[in-house]
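The values are calculated or read from the model by the stated rules, or taken from the named source; none is laboratory data. Predicted model, so just to flag it, every value in this text is computed and none were measured. Cβ coordinates were reconstructed from backbone atoms using ideal geometry, including for glycine residues, and neighbour counts include every protein chain displayed.
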Amino acid sequence: MKVVVIGGTGLIGSKVVAKLNAHGHEAVPASPDSGVNTLTGEGLADALVGADVVVDVSNSPSFADDDVLHFFRTSTGNLLAAETVAGVGHHVALSVVGSEKVPDSGYLRAKVAQEQLIKESGVPFSLVHATQFFEFVGAIADAGTVDGSVHIAPVSFQPVAAEDVATLVARTAAGSPLHGVVETGGPERVRFDEFIRNVLAERGDQRAVVTDPDARYFGAVLRGAELVPGPGATIAETTFAAWTSHQAAAVR
């Protein structure tokens, strides 16, 4: 089976390509670096020749509200149109757990718009909703830093390893279209502010973590369980401690 992975050289995409190829599929990474630009449509038709499945794990280069909405609407529209012409039988897209619950976030509004285009396209599809990745914990702390302190809301948080997300995306691509959503998150549900506080302490980061109910996440205020998957989700196995240990071993 030929699978074209849009964003196939990135954090998730490169892992998806490797996993699919390891299981006997023909997974082809596609990105601007390989001459495939979903924003302009350049190279799309050629890239999709003979493709059975398209996996879209691409992301906007800018998270500004207007930019990210333009990216997902234009990129996804071009991609779906090219898939229809090429006769692609399955479109798989990676999105975010809770995106529909956080309308104040420009980024998450853009992800909802992307999903709507996919659902209305007529192309058989599967949507994978993932919680935040372990890999971005440091970036979350940096984004929440105000005057030297890290402001984080006291809400539920269930981060996941990118490796586990890639496994689910690859399995979904190899299967039949769901015509719906599968959610995934890590094995540990924690309180967001306490988790970030503990992680920074373990890393020797001296910044204080302030428990702030009004702290913003992707531009939005969180009030409860927006960042955790619902019933029936696929729960990954890798704990944060195991992931941290693996990362440390990899750099030795």
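Test of understanding: among 183, 163, which residue is acidic (Asp, Glu), within 28 Å of residue 13 (Cα to Cα), out of contact with any strand residue (DSSP E or B) (no Cβ under 6 Å at 6 or more places or on another chain) and in contact (Cβ under 8 Å) with a residue 12 or more places away in the chain? Explain how you work it out, then say what you get.
Numbers: 183 fails: out of contact with any strand residue (DSSP E or B) (no Cβ under 6 Å at 6 or more places or on another chain).
Among 183, 163, only 163 is acidic (Asp, Glu), within 28 Å of residue 13 (Cα to Cα), out of contact with any strand residue (DSSP E or B) (no Cβ under 6 Å at 6 or more places or on another chain) and in contact (Cβ under 8 Å) with a residue 12 or more places away in the chain.
Taking the stated definitions as given, is residue 40 assigned to a loop (DSSP other than H, G, I, E, B) and more than 24 Å from residue 185 (Cβ to Cβ)?
Numbers: assigned to a loop (DSSP other than H, G, I, E, B): yes; more than 24 Å from residue 185 (Cβ to Cβ): yes.
Yes; evaluated as a whole, the condition is true for this residue.
Would you call residue 102 over 17 Å from residue 130 (Cβ atoms), surrounded by 17 or more Cβ atoms within 10 Å (Cβ to Cβ) and either touching a residue at least 60 places away in the same chain (Cβ under 8 Å) or polar (S, T, N, Q) (or both)?
Working: over 17 Å from residue 130 (Cβ atoms): no; surrounded by 17 or more Cβ atoms within 10 Å (Cβ to Cβ): yes; either touching a residue at least 60 places away in the same chain (Cβ under 8 Å) or polar (S, T, N, Q) (or both): yes.
No: the conditions fail for residue 102.
Any idea which residue in region 193-252 is surrounded by the fewest Cβ atoms within 10 Å (Cβ to Cβ), counting only those that are among the aromatic types (Phe, Trp, Tyr) and not in a helix (DSSP H, G or I)? Walk me through it before giving the result.
The initial filter retains those residues of region 193-252 that are among the aromatic types (Phe, Trp, Tyr), namely 195, 217-218, 240, 243.
Cutting the leftovers down to not in a helix (DSSP H, G or I) gives us 217-218.
Values: 217: 24, 218: 20.
The residue in question is 218.
Scanning for something more than 28 Å from residue 237 (Cβ to Cβ), among the basic types (Lys, Arg) and part of a helix (DSSP H, G or I), does region 153-173 turn up at least one residue?
So far as region 153-173 goes, no, none of its residues is more than 28 Å from residue 237 (Cβ to Cβ), among the basic types (Lys, Arg) and part of a helix (DSSP H, G or I).
Could you pull out the residue among 156, 176 that is surrounded by fewer than 19 Cβ atoms within 10 Å (Cβ to Cβ) and out of contact with any helix residue (DSSP H, G or I) (no Cβ under 9 Å at 6 or more places or on another chain)?
Numbers: 156 fails: out of contact with any helix residue (DSSP H, G or I) (no Cβ under 9 Å at 6 or more places or on another chain).
After applying the criteria, what remains is 176.
Taking the residues in region 1-42 that are within 16 Å of residue 76 (Cβ to Cβ), aliphatic (A, V, I, L, M) and free of Cβ contacts under 8 Å to residues at least 40 places away in the same chain as candidates, determine which candidate is surrounded by the most Cβ atoms within 10 Å (Cβ to Cβ).
The extreme case among them is 30.
Conditions: (1) surrounded by 13 or more Cβ atoms within 10 Å (Cβ to Cβ); (2) in contact (Cβ under 8 Å) with a residue 24 or more places away in the chain. Residue 50 meets all but one. Number of the miss?
Failing condition for residue 50: (1).
Do we have residue 86 as modelled with pLDDT of 95 or more and either crowded, with 22+ Cβ neighbours inside 10 Å or touching a His at 6+ places or on another chain (Cβ under 6 Å) (or both) here?
On the way: modelled with pLDDT of 95 or more: yes; either crowded, with 22+ Cβ neighbours inside 10 Å or touching a His at 6+ places or on another chain (Cβ under 6 Å) (or both): no.
No, not satisfied.
With 58, 62 as the choices, which residue is outside any helix (DSSP H, G or I), touching a Gly at 6+ places or on another chain (Cβ under 7 Å) and of a type in the set (Gly, Ala, Ser)? Give the derivation first.
Values: 62 fails: touching a Gly at 6+ places or on another chain (Cβ under 7 Å).
Only one candidate passes the filter, namely 58.
So in region 213-252, with the set limited to residues that are farther than 17 Å from residue 102 by Cβ and among the charged types (D, E, K, R), which one is modelled with the highest pLDDT? I'd like the intermediate steps shown before the answer.
In the first step, residues of region 213-252 are kept if they are farther than 17 Å from residue 102 by Cβ; the result is 231-252.
Pick out the ones that are also among the charged types (D, E, K, R) and you get 237, 252.
Working: 237: 96, 252: 58.
The residue in question is 237.
Note down all Cβ pairs under 7 Å where the first residue falls in region 192-221 and is closer than 15 Å to residue 104 by Cα, the second is surrounded by fewer than 19 Cβ atoms within 10 Å (Cβ to Cβ) and of a type in the set (Val, Ile, Thr), and they're at least six residues apart or on different chains.
Matching pairs, first to second residue: 214/221.
For the condition of a type in the set (Phe, Trp, Tyr) and under 15 Å from the mean Cα position of the chain (by Cα), what is the one hit in 192, 157, 136, 125? Lay out the reasoning, then the answer.
Details: 192 fails: under 15 Å from the mean Cα position of the chain (by Cα); 157 fails: under 15 Å from the mean Cα position of the chain (by Cα); 125 fails: under 15 Å from the mean Cα position of the chain (by Cα).
None of the others qualify; the one that does is 136.
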